[in-house]
Amino acid sequence: MQVVVSGLPLGDVHARLAGGLTLIFGVMRVINLAHGEFLMLGAYASFFLFVLIGLNPILSLLISMPLMFGVGWIAQRLLISRVVRAPLLTSLLLTYGVSLALTGGAQATFTNDFRSVPFLSGALNIGELAFSVPRLVACVTALVLTGAAQFFLARTRWGKALRATAQSADVALACGIDIDRARMIAFGIATALAGAAGTLTRFLYTVYPEMGKTFMLKAFAVMVLGAMGSFPGAFLGAIVLGVIESTASYVTTAQIAEAVVYITLLAMLLLRPQGFFVLKEA
Amino acid sequence: MTTRTRRSILAGTPAALGLAGLILSACGGDAGESAAPAAPATGGAPKGAPVKIGASVSTTGSNGKTGQYQVEAYQLWAEQLNARGGLLGRQVEMVILDDQSDPTVGTKLYEKLINEDKVDLVLGPYSSGVTQAVSTVTEKYKYPMLSAGASASDIWKRNYKYVFGVYSVAESYFYGVIDLAKKNGLKTIAIITEDTAFAKATAAGTAEYARKEGFRIVFQEQYPTKVTDLSSLITKLKAAKPEVLVGGSYQPDSVLITRQAKELDLNVKMLAFSVGAAMPEFGEGLGKDADFIFGPSMWEPSLKTKGNSEFEASYKKKWNREPDYHSATGFAGGQILEAAVLKAKSLDREKIREALSTLEIETVLPGKYKVDDTGIQLSHIPVVIQWQGKDKPVIGPDAMATAKPKFPMPEWKSR
């Protein structure tokens, strides 16, 4: 039981990332390989806000998320918008280039030092079960953010515009939707979510320029496991993967658990490529 | 319309993901070259062309942070050497490249150093993985190499004649910690390690020594590099109830293990990490949770070794930061090479190889430089440090200790 409890929040970081990836993929058919680097930038933003002005990491979300939204907006406007309609390989190469540039830039600017600060440690004990405090806080914050993003997509005007663009850019354009702007908003939100994931990650892990890659592969797995373009799907996918990984790691070893995760992914692709959730067709 | 779109998403995805994986795994093409010439000549009349000494060290990639210390030490050594008049009356020019923490890139760069840059001598790269790969190149061209940043004993198990150890092999890192545990009457030990060359060697050596000293190994497991969660492993450790827990690990995983041990209330009497614990960033990342944790160190600034305080002062002056033990091993590598050239009285690489295999000198490192027939380092003495408040004093071996060990580690709940 402890193992399952530990596995639940583990999926959470991956859910944030996969949510953003899914959004970008849904709206633009672009797989963003630089997403992990946006996480890294978010983590650094929060780290420096803490070190320089002593800002509480959770409050720093208020600064780091709009900041990352801006970064995403600019990235979309200057770079990604040029490859939206190009073949998939073009956007893969472009975002991979962005990923390398950001990693290298971070190494030059922030140095390769491992950065971490003690914040929120220990566990909350309920009966025999120990809930990690930093993970719990990260998890709750993440749930709130996911809820907010889901609300935005489902209920607001721009959310609807985003979904319309995702379903068919041409029809959306014909209906008078500013699809370029919709795409910039989508990329901005996805980047802000990655930044938030980075900020929350910082409670748990060490910050360094190459941290993004650590999370990316699993985020892709989560994205496939959940449904493409579905926020709750990404969330469920992340949690299922987290529990599978932590259980496999308990029963066997951490190395085998790593393999089990990707075997699950393969099995999923073969047996149920549409993910856990089948989206209702409009 | 919608149906078609969705199907095309799904059809595209597996292929795209595969491609993404390919691209990710193919990273590390050609190395960025950052040739860093040594400081200009000061004093001493250079005779003829400068002596070129080549090395490639990871200054980017996963080991970039640690490798940087080694590069700084190489450059400091060359600068001081030139100020003393150079090698055999000739100035020294360092050619330092970056292998991006990639063994394959490392081998290419040593080929380049030897064939294109035509260096006279080489110094070793950082990390056991890169050194092991690179030593096949230096062996092929018969270039003697001091392994100033690597210590997995596999490097010396191939009957190579041209690679020499500077500091203790990875296998012996925890000997001091185990001695201390034995002295305090502890009987059971658990060993968890990352699955990389260095960490696995540390684990194997620790297990063997612990068994010899009468310990029972109650748990032993490896975890993948770049792990982000070890709660299952910690849960299993709790069930195994070890008195001593050692981790063959770097900074991020050492911090992760400590944090999760606290969360899941895993209590041991002694906790030690290999590379991670000796780094200043370990204490910064954990604050007071770092207290009581042990770690081996190849060098500490407080040691009274030959020329140590001068080394520390000049390093701080030149690079504006405290040297790490990786700085000291790099600097010692230079000191040993210098002594070997003086002994050989020439730049003839066969004579230098000869000199390196019989040389016995003191460096800034504790103990001595003296290798056996295989080139393995036997006379260096690693020390044990313990985090106590903001400091990490040397607590063993007794002759070099600057503080008493605090023992045992209290339970997390009572801290």
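Given the options A:A149, A:A186, A:A267, state which has the largest fluctuation in a GNM of chain A using a 10 Å cut-off (strictly under) for Cα springs. Evaluated over chain A, the most mobile residue of the options is A:A267. Phi-derived couplings, Karplus 6.51 cos²θ - 1.76 cosθ + 1.60 at θ = phi - 60°, listed residue by residue for the stretch B:343-354: 5, 6, 6, 6, 9, 4, 5, 5, 5, 5, 4, 4 Hz, with x used for Gly and Pro. One Cα centroid belongs to the stretch A:237-253, the other to the stretch B:296-355; the line between them spans 47 Å.
Starting from the Cα gyration tensor of chain B, take the square roots of the eigenvalues, sort them a ≥ b ≥ c, and report rounded, prolate or oblate (rounded when a/c is under 1.5, otherwise prolate if a/b is larger than b/c, else oblate). Since a/c reaches 1.5 but b/c is at least a/b, the shape of chain B is classed as oblate. Here the residues B:Y141, B:Y126, B:Y175, ranked from fewest to most Cβ neighbours within 10 Å of their Cβ, fall in the order B:Y141, B:Y175, B:Y126.
Hey, fewest Cβ within 10 Å first, where do A:V207, A:V251, A:V13 land in order? Mind showing how you got there, number by number?
Details: A:V207 24, A:V251 13, A:V13 29.
So the residues, fewest neighbours to most, are A:V251, A:V207, A:V13.
Cross-link partners for B:K392 among the aspartates and glutamates, with Cα-Cα distance under 18 Å and sequence neighbours closer than 8 places in the same chain left out: B:E281, B:E284, B:D289, B:D291, B:E300, B:E312, B:E322, B:D324.
For the stretch B:205-350, rounded, prolate or oblate, judged on the Cα gyration tensor with a ≥ b ≥ c (square roots of eigenvalues), a/c < 1.5 rounded, else prolate if a/b > b/c?
Working: a/c = 2.68, a/b = 1.87, b/c = 1.44.
It is prolate, given that a/c is not under 1.5 and a/b is the larger ratio.
For the residue pairs A:K213/B:K108; B:K288/B:K318; B:K140/B:K304, alpha carbon separations beyond 27 Å are given by B:K288/B:K318; B:K140/B:K304. Only the Cβ atoms of Lys and Arg (+1) and of Asp and Glu (-1) were treated as charged; on that basis the dipole of chain A about its Cα centre amounts to roughly 680 debye.
Output the Kirkwood hydrodynamic radius of the stretch A:12-214, Cα pairs only, in Å rounded to one decimal. The partial results should precede the final answer.
Numbers: mean 1/r = 0.0572 Å⁻¹.
Roughly 17.5 Å, rounded to one decimal.
Using only the Cα atoms of the stretch A:138-207, build the gyration tensor, take square roots of its eigenvalues as a ≥ b ≥ c, and label the shape rounded, prolate or oblate: rounded if a/c is under 1.5, else prolate if a/b is larger than b/c, else oblate. Taking the square roots of the gyration eigenvalues as a ≥ b ≥ c, the stretch A:138-207 is prolate. Quick check: Cα centre of the stretch A:29-97 to Cα centre of the stretch B:365-415, how many Å? If we compute the Cα centre of each part, the gap is 43 Å. Estimated translational diffusion coefficient (Stokes-Einstein, Kirkwood radius over Cα pairs, 10 °C, 1.306 mPa s) of the protein assembly as shown: 59 µm² per second. The mean number of Cβ atoms from other chains found within 10 Å of a Cβ in peptide A:77-90 is 1, as a whole number. Keeping to pairs on different chains or 8 or more places apart, tell me how many lysine pairs in the stretch B:145-245 have Cα atoms under 21 Å apart. Total qualifying Lys-Lys pairs in the stretch B:145-245 comes to 14. Taking other C-beta atoms within 10 angstrom as a stand-in for reagent exposure, B:D102, B:D253, B:D398, B:D289 fall in the order B:D398, B:D289, B:D102, B:D253, fewest first. Backbone amide hydrogens, once placed in the peptide plane, bring B:T374 within less than 5 Å of nothing, excluding anything fewer than 5 places away on its chain. On the basis of the beta-carbon distance and an R0 of 56 Å, A:K160 and B:D117 show a calculated FRET efficiency of 0.35. Normalising the average separation of contacting C-alpha pairs (under 8 angstrom, six or more residues apart) by the number of residues puts the relative contact order of chain A at 38 percent.
Sum -39500 (n - 2.57) across every DSSP H segment of at least 4 residues in chain A, then divide by the residue count to get the 222 nm mean residue ellipticity, nearest 500.
Numbers: 11 runs with 204 residues, N = 282.
Per the formula, -24500 deg cm²/dmol.
State the Cα centre-to-centre distance between the stretch B:175-211 and the stretch A:129-164 in whole Å. For the stretch B:175-211 versus the stretch A:129-164, the Cα centre distance is 45 Å.
Using only the alpha carbons of the stretch B:313-415, what is the convex hull's orientation-averaged projected area in square nanometres? Mind showing how you got there, number by number?
Numbers: hull surface 38.7 nm².
Answer in nm², one decimal: 9.7.
Dividing the mean sequence gap of close Cα pairs (under 8 Å, 6+ apart) by how many residues the stretch B:51-149 holds gives a relative contact order of 35 percent.
Where a number appears in this text, it was derived from the coordinates with a stated rule and is not lab data. What you see is a predicted model, and the numbers here were worked out from it, not measured in a lab. Please note: Cβ atoms are built from the backbone with ideal geometry, for glycine as well, and neighbour counts cover all protein chains shown.
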